[in-house]
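The values are calculated or read from the model by the stated rules, or taken from the named source; none is laboratory data. Every value quoted in this text rests on a predicted model; they were computed, and no experiment measured them. Heads up, the Cβs are rebuilt from the backbone with ideal geometry, glycines too, and the neighbour counts pull from every protein chain shown.
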There are 2 protein chains.
Amino acid sequence: MKRFLSTLSILTLFITSSPNAEASIMKPKKDIKVKNLAELRSAIKSSSAGDNIILANGTWKDAEIKFCGKGTKENPIVLKAETPGKVFIEGVSNLKLAGSYLEVRDLYFKNGYTPSNSVIQFKINNDSIANNCKVTQCVIEEFTQPDRDVSDHWVEFWGRHNELSNNYITGKSNFGPTVRVFLDGNEHVNNYHQIINNHFGPRPRKGGPHGETIQIGDSETSMTPSYTNVENNLFDRCNGEVEIISSKSNFNEFKKNVFFESEGSLVLRHGNYAKIDGNVFIGNDASDQMGGIRIINTGHWITNNYFYKIKGNAFRSAIAIMNGIPKSSLNRYNQVTDVVVAYNSFIDCVSPWQFSVGSNVSQKEVLPKSEIRSARPERVTFANNLIYSATKSENPIVNYDKVDGVNFKNNFINNANNSEVKPAGLITKDFAVDKIATDIYSLKQNNNDVFAGFDFENITNDFFGNERTASNNSVGAIVNPVKSNPVLIDKTRYGTNWFATEKLQATANKIMVATSDELVNQIKKAVSGDIIVLKSGTFKVSESIVIDKEITITSSNSKKKSKIEFTASKTAFEMHPKGNLILKDVVISGNKSQNAFTTLDKNMSKAYNLHIENTEITNFKNILEVSKGSFSDNVVVTNSLITNCENGFLLNKETNDGGDYNAEFVTFTNSKFDDIQGVVLDYYRGGYDESTIGGNLKLEGNIFTNCGKDQTEHILIKNRGIVFVTIANNIFKDNAVKTIAVLWGEKGQKPVNNKITNSGKIEIVQNLEMKLMY
Amino acid sequence: MKRFLSTLSILTLFITSSPNAEASIMKPKKDIKVKNLAELRSAIKSSSAGDNIILANGTWKDAEIKFCGKGTKENPIVLKAETPGKVFIEGVSNLKLAGSYLEVRDLYFKNGYTPSNSVIQFKINNDSIANNCKVTQCVIEEFTQPDRDVSDHWVEFWGRHNELSNNYITGKSNFGPTVRVFLDGNEHVNNYHQIINNHFGPRPRKGGPHGETIQIGDSETSMTPSYTNVENNLFDRCNGEVEIISSKSNFNEFKKNVFFESEGSLVLRHGNYAKIDGNVFIGNDASDQMGGIRIINTGHWITNNYFYKIKGNAFRSAIAIMNGIPKSSLNRYNQVTDVVVAYNSFIDCVSPWQFSVGSNVSQKEVLPKSEIRSARPERVTFANNLIYSATKSENPIVNYDKVDGVNFKNNFINNANNSEVKPAGLITKDFAVDKIATDIYSLKQNNNDVFAGFDFENITNDFFGNERTASNNSVGAIVNPVKSNPVLIDKTRYGTNWFATEKLQATANKIMVATSDELVNQIKKAVSGDIIVLKSGTFKVSESIVIDKEITITSSNSKKKSKIEFTASKTAFEMHPKGNLILKDVVISGNKSQNAFTTLDKNMSKAYNLHIENTEITNFKNILEVSKGSFSDNVVVTNSLITNCENGFLLNKETNDGGDYNAEFVTFTNSKFDDIQGVVLDYYRGGYDESTIGGNLKLEGNIFTNCGKDQTEHILIKNRGIVFVTIANNIFKDNAVKTIAVLWGEKGQKPVNNKITNSGKIEIVQNLEMKLMY
């Protein structure tokens, strides 16, 4: 009773200002400040509509919070930080909500991970589900599992009418979509969830599937009506996998989102009748990894979208219309039918329209009938779209099969169409565009020659929300006049109002070291980005050097490389998560018993990088040996010499055959590989599934000599299952192998201009037999 | 110009009384009477909103009518008969509609068939589609293709918001659903078609698939939202196939329909989220062919339905919940999930709840993995249902697999539950029911012990439309008090207001014949149902006798059978469509060169029947030989002697292996088959598809002697693929075969109490290898 009174004594009584909230007019609302988990639990238990539960500033460690209650529309129960940005949820923590009209705000999840399936979950259990609840103004930053192989979600939607708004969510590097909407049960369908105004910050490459930023449903619930609304979010370098968003249910909407330099696409993977309207897809000049919209299934409407510098191909093209499998099983590819693509603008995209993507009729020898995508799109309409390219770009269409089910009407392009498919409804016209904002171009003059297709009268607005009228309309996403000062990415529209997403770049320190002890200690003490400069001479190091940040090691005199001689037993350098080692102008040698670079055996929670430039590495067991769960974004060897070791680079431990792999980009250029007795590179990706395309190998301008003599399969370079492979302008001389490498013909791999002497040959296998993942 | 004036001169000017029809207030409406097709075409061309186009009384032969126009909601363009029931559309005729707000009424389609895919079609072509159009007060009677194998539909729905109301439709005997809703294209989805107040009269058994009365969508459009409403119709002995209605799209509704003695079920074959509310399913005492609701897929709500004497099993049980195929292909069987079966009444049904129907895990040796239905129902709720049986009926549940995904809540039964599955949520309670109308029973006292499941608050009314309230509710379909004088089948609610569906039964004439000429001529002259009585003695007939109606041939003295000796070349009796030959107490003989009974080679548009009782048939080539397209409802041999012929009954010409077959029921009882040199019976159904169950063979109490000696496969009775087979209490003696018959173990077939001497044996094959249909 005492406690009850003391709680009462801190009540803040006020009268609601909402005119409709009849019931609550006389209800006292409490601000309940809590300082620990026990108090929090008690406050949740005793809370009622209108109460604010306030978490005291500070770090809440190992907090598993079950927030359960019954607010009202006018008077939700709010759980929030005392000061936004000053309440940290850390350690082994999560938050589950159940009930109705609950609101969580201003929390900052970092430096930890969830012990359950999810960080934030809109249910406590199957009998306690959240409806009309909201999580807003929160940050989840690198709250990722220690082991990348452990799967979780950061936000799990269950129930109906829940909202995730104005959050900043970034840095998930383990398996599992960041946000996942579940539809398993009538309580969860027709959910009308709102995922709005969020800033989805960078999600690193995962290497293989299960790295989506948002997944709505799954194949087994793909027949359910979902009605999830994903609107006005910024997807900022969300590079997890080929699907940034995977829509796997019906009637979802994707509106006014910005996909900024994200390596993937918005994919309508399962389910039907999505609306994709008014989104922006921005690629960049260099990358062909950034995609647009990939379309499978029935009845989608793709309108008023703006594609800028999307240079991806096939799965990653601006608009990829796939071939289906006839009578497809639930988890494979249905035919595309009754899709409308209208009033979109494609600016400086290379080949933005690609049809029958995924057609694999030629692979029928190695695939079962139930995997053959031979069903071409049917009853598809492309109308009133604009294709503009400032440079001569004359292949707007790529087709992987006959295009006979697509109705092209009143589409305009400023270049000639020299594609194989030349529909009358794609009209070349010399028109000009105006730059109206950064990355935004619109027609100088409206082109009102539009096609009025079935239900087109419902496309009432343009990209900016301006009305399309009979007298003022135009092909393309934008109708003139455009309101003054349009902004493409207005960062105030996304994420929280308190978190700074852009960190200050620390300036790199140059640290001169003269002795081995200095070398070891300075690397330990360095901050990420620091440059360790070696005095001339030889450094003898008897321990492994841990690389868990960005470290550059270089010589004070690049003409006279300093040398580090390792006697450490396991490895010279131990690569940890986020380790980024740049070796430049140095010589690294071992005693043949240890590796040069080795990852941690476990808990490789995040990617590492390795950059070897103008460097000599010699006398090791293996150059690089990795663990199964590890992942490298980039392994680069350039202008370097790798010599005298048992094996080269072993990126071959991820053998689940689930489409995953150990490195995204492996690049060897202008380097020399000499006397590597085993395999020079073993880079493996297993499992047949074209949707998890990946692995990039580039071997260009290298010289391989005297390698491979102990390789038991008599092969120099193993690259099985890697999708993108370039082998060009190399010299292979006196390597005692039968095979230099096996290329995958169906992926367009072929050797270019290599000089081969006494080194076996480069084979091409058209159709690789791979393990079916489904 | 002259014509225009003369048309104007017959205008009937009037002012609409609709207050909202602004535009039409001053519009002159015309009544345009037309007497031939040219006038009709011209009238249609010149018609506008509010006009009536009136077909003159009489027969309109070979009329292909394209009714195209633009009416308004208040002022449709109407095409109608001068007098309902006096305008006959005959010959090779059809009607296509396109435009909006058209109405067709009072037409009578008979004595003909369509030259196209459909009799009535809600589109003219893909560019001319009907919306908001109506066909009402029409009759389509036996407007069936001459050849049963030719497929058509009688009503094809396209477009949106079309209506088929108050029609009488009966007698379709060829391939193809009677009414078919198409969803191929955005113009046709979200259609909200109304199929209401119709009387679907008897549809004869088709034998195999494609005999639905209504089919909505197909597997390839099963992901589309349809919203077709099927309400308040009478399905009156719709026996076409195992699916009376095949719902193959989403969000369809089936409400307040009566399924009266119809041999099939309302089947949710593809698509999800159907609502089935307030329907009646009436079986009868004798038949186990009448089913209820068969459930596949997700999210259906089955509420307030009333099942009376549904005695069917498995596919034909009152509620059949199927097993699905994991990750099923589009055209096979999805798992059942998230289905609610609540507030239904099951009165005098044998085993009304059957789970995992279609489970075929045991057949995995003969079927590919993609055909194995092993996915049990999940997240299914059975609540607040009532099971009552006046007699001791203690097996309410049949399960073909484990029942672990069904939540049983507050269901009540008046008998013990001695089924294998005994959920706590099925409660035995001694309660009484009242007969409140013919075939309608309700609880004497409400049982308000109801479960409130998710969304159950939306079940607001009972079977009769009475409100379910917190204070007045009950398990079962009916809540007391029931309004006085409820009527289960009020025929004024269904069909037209002008057509008499019940024909007067003509009394049978007995016609004595003394000579062969009299015999032949009197059969020609007889009306259906007549009885031809043969004087004692022998009738020599040199021509084939055509049977195209119901004819009984009998002897004046049953003790001393009259004999007909045939010398006709091809056959003694030629069976035509609708022929029904009853032979009783006679002897029929041939000269061994001709058949006793043969169907037409072609144009067997309707079924025939053959009933042989206390009759001797001898000295023919084959007893019965049929053509591929022919179909017999019943072939009955009882207390008869069949002797000295090459073969017996050859019902083996339907070899498409599409699930079709040549006869529904073949029954041989207490008869003697002697000296049939070839096969006694060849009765064939090919093609694996459990959904097209059929073929019924009963051999009971017969004696087979000296048969089969020339049968090349050494088999006496061939019954491959026939699903229901009884072989009991027969004597097989001295038949020179290896095999009497091969029974299909998986279908529960086994020989009972047969005596076999020197006649080979009856084999059982557990799993028959059959050709996959899909």
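Taken over the range B:271-297, the residue count meeting the criterion of being without any contact (Cβ under 8 Å) to a residue 60 or more places away in the chain, in contact with a helix residue (DSSP H, G or I) (Cβ under 8 Å, 6 or more places away or on another chain) and part of a strand (DSSP E or B) is 0. Just one of the listed residues (A:Asn767, A:Asn753) is in contact with a helix residue (DSSP H, G or I) (Cβ under 7 Å, 6 or more places away or on another chain), among the polar types (S, T, N, Q) and farther than 21 Å from A:Phe649 by Cβ, namely A:Asn767.
Here B:Thr178 clears all of (1) polar (S, T, N, Q); (2) within 14 Å of chain A (Cβ to nearest Cβ); (3) more than 24 Å from A:Thr298 (Cα to Cα) except the condition numbered (2). Limited to the range B:178-221, what total is found for residues that are over 17 Å from the mean Cα position of the chain (by Cα) and small (Gly, Ala, Ser)? Qualifying residue count, the range B:178-221: 3.
The rows are residues; the columns are (1) in contact with a strand residue (DSSP E or B) (Cβ under 8 Å, 6 or more places away or on another chain); (2) part of a strand (DSSP E or B).
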{"site": "B:Phe67", "(1), (2)": "yes, yes"}
{"site": "B:Glu74", "(1), (2)": "no, no"}
{"site": "B:Leu79", "(1), (2)": "yes, yes"}
{"site": "B:Pro84", "(1), (2)": "yes, no"}
{"site": "B:Gly91", "(1), (2)": "yes, yes"}
{"site": "B:Ala98", "(1), (2)": "yes, yes"}
{"site": "B:Phe109", "(1), (2)": "yes, yes"}
{"site": "B:Ser116", "(1), (2)": "yes, no"}
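Summed over the range A:186-201, the residues that are within 14 Å of chain B (Cβ to nearest Cβ) and in contact with a Phe, Trp or Tyr (Cβ under 8 Å, 6 or more places away or on another chain) give a count of 5. Looking at the range B:348-392, the strands (runs of 3 or more DSSP E) lying wholly inside it that each contain 2 or more residues that are surrounded by fewer than 24 Cβ atoms within 10 Å (Cβ to Cβ) sit at B:380-383.
Can you tell me which residues in the range A:404-459 are within 14 Å of chain B (Cβ to nearest Cβ), small (Gly, Ala, Ser) and under 23 Å from A:Tyr308 (Cα atoms)? Selection gives nothing.
Of all residues in the range B:309-345, those satisfying the criterion of being part of a loop (DSSP other than H, G, I, E, B), away from chain A (no Cβ under 14 Å) and under 17 Å from B:Asn411 (Cβ atoms) are B:Ile310, B:Ser317, B:Ala318, B:Tyr343, B:Asn344. Taking the range B:719-742 as the range and being within 17 Å of B:Lys761 (Cβ to Cβ) and buried (at least 22 other Cβ atoms within 10 Å of the Cβ) as the test, the residues that pass are B:Asn719, B:Val725, B:Ile727, B:Asn730, B:Phe732, B:Asn735, B:Val737, B:Ile740, B:Ala741.
Restricted to the range B:471-517, and to residues there that are outside any loop (DSSP other than H, G, I, E, B) and surrounded by fewer than 14 Cβ atoms within 10 Å (Cβ to Cβ), the residue that is modelled with the lowest pLDDT is B:Lys491. Quick check, is A:Ser173 of a type in the set (Gly, Ala, Ser), surrounded by fewer than 24 Cβ atoms within 10 Å (Cβ to Cβ) and without any contact (Cβ under 8 Å) to a residue 40 or more places away in the chain? No, not satisfied.
What number of residues within the range B:346-372 satisfy the criterion of being within 14 Å of chain A (Cβ to nearest Cβ) and not polar (S, T, N, Q)? Matching residues across the range B:346-372 total 4. For the range B:264-285, which residues satisfy the criterion of being of a type in the set (D, E, K, R), more than 14 Å from chain A (Cβ to nearest Cβ) and in contact with a strand residue (DSSP E or B) (Cβ under 8 Å, 6 or more places away or on another chain)? B:Asp277, the sole residue that qualifies. Here B:Ser151 fulfils each of the conditions (1) within 14 Å of another protein chain (Cβ to nearest Cβ); (2) among the small types (Gly, Ala, Ser); (3) surrounded by fewer than 21 Cβ atoms within 10 Å (Cβ to Cβ) apart from (1).
The residue pairs whose first member lies in the range A:94-105 and is assigned by TED's automatic domain parsing to the domain that holds A:Leu164, whose second member is of a type in the set (Asp, Glu) and in a loop (DSSP other than H, G, I, E, B), and whose beta carbons are closer than 9 Å, counting only pairs six or more residues apart or on different chains, are A:Ala98/A:Asp127; A:Tyr101/A:Glu74. Of everything in the range B:93-118, what is β-branched (Val, Ile, Thr) and closer than 12 Å to B:Asp152 by Cβ? Give them in sequence order. B:Thr114 - this is the single residue of the range B:93-118 that is β-branched (Val, Ile, Thr) and closer than 12 Å to B:Asp152 by Cβ.
Restricting the search to the range B:373-390, which residues are out of contact with any Pro (no Cβ under 8 Å at 6 or more places or on another chain) and among the β-branched types (Val, Ile, Thr)? Once the filter is applied, which keeps residues that are out of contact with any Pro (no Cβ under 8 Å at 6 or more places or on another chain) and among the β-branched types (Val, Ile, Thr), the range B:373-390 yields B:Val380, B:Thr381. Filtered by the rule that a residue be closer than 29 Å to B:Pro146 by Cα and of a type in the set (S, T, N, Q), the range B:57-82 gives B:Asn57, B:Thr59. Can you find even one residue in the range B:554-563 that is surrounded by fewer than 20 Cβ atoms within 10 Å (Cβ to Cβ), closer than 30 Å to B:Lys672 by Cβ, touching a Gly at 6+ places or on another chain (Cβ under 8 Å) and in the same structural domain as B:Gly629 (by TED's automatic domain parsing)? Checking the range B:554-563: at least one residue is surrounded by fewer than 20 Cβ atoms within 10 Å (Cβ to Cβ), closer than 30 Å to B:Lys672 by Cβ, touching a Gly at 6+ places or on another chain (Cβ under 8 Å) and in the same structural domain as B:Gly629 (by TED's automatic domain parsing). Could you tell me whether B:Thr667 is in the same structural domain as B:Lys549 (by TED's automatic domain parsing) and not in a loop (DSSP other than H, G, I, E, B)? The answer is yes for B:Thr667. Among strands (runs of 3 or more DSSP E) entirely within the range B:518-635, having at least 1 residues that are more than 35 Å from the chain's Cα centre (by Cα), acidic (Asp, Glu) and over 30 Å from B:Gly211 (Cα atoms) singles out B:562-566. Of the residues in the range B:670-686, at least one is within 21 Å of B:Asp147 (Cα to Cα) and assigned to a loop (DSSP other than H, G, I, E, B).
Residue count for the range B:217-244, restricted to those that are more than 14 Å from chain A (Cβ to nearest Cβ) and in contact with a Pro (Cβ under 9 Å, 6 or more places away or on another chain): 8.
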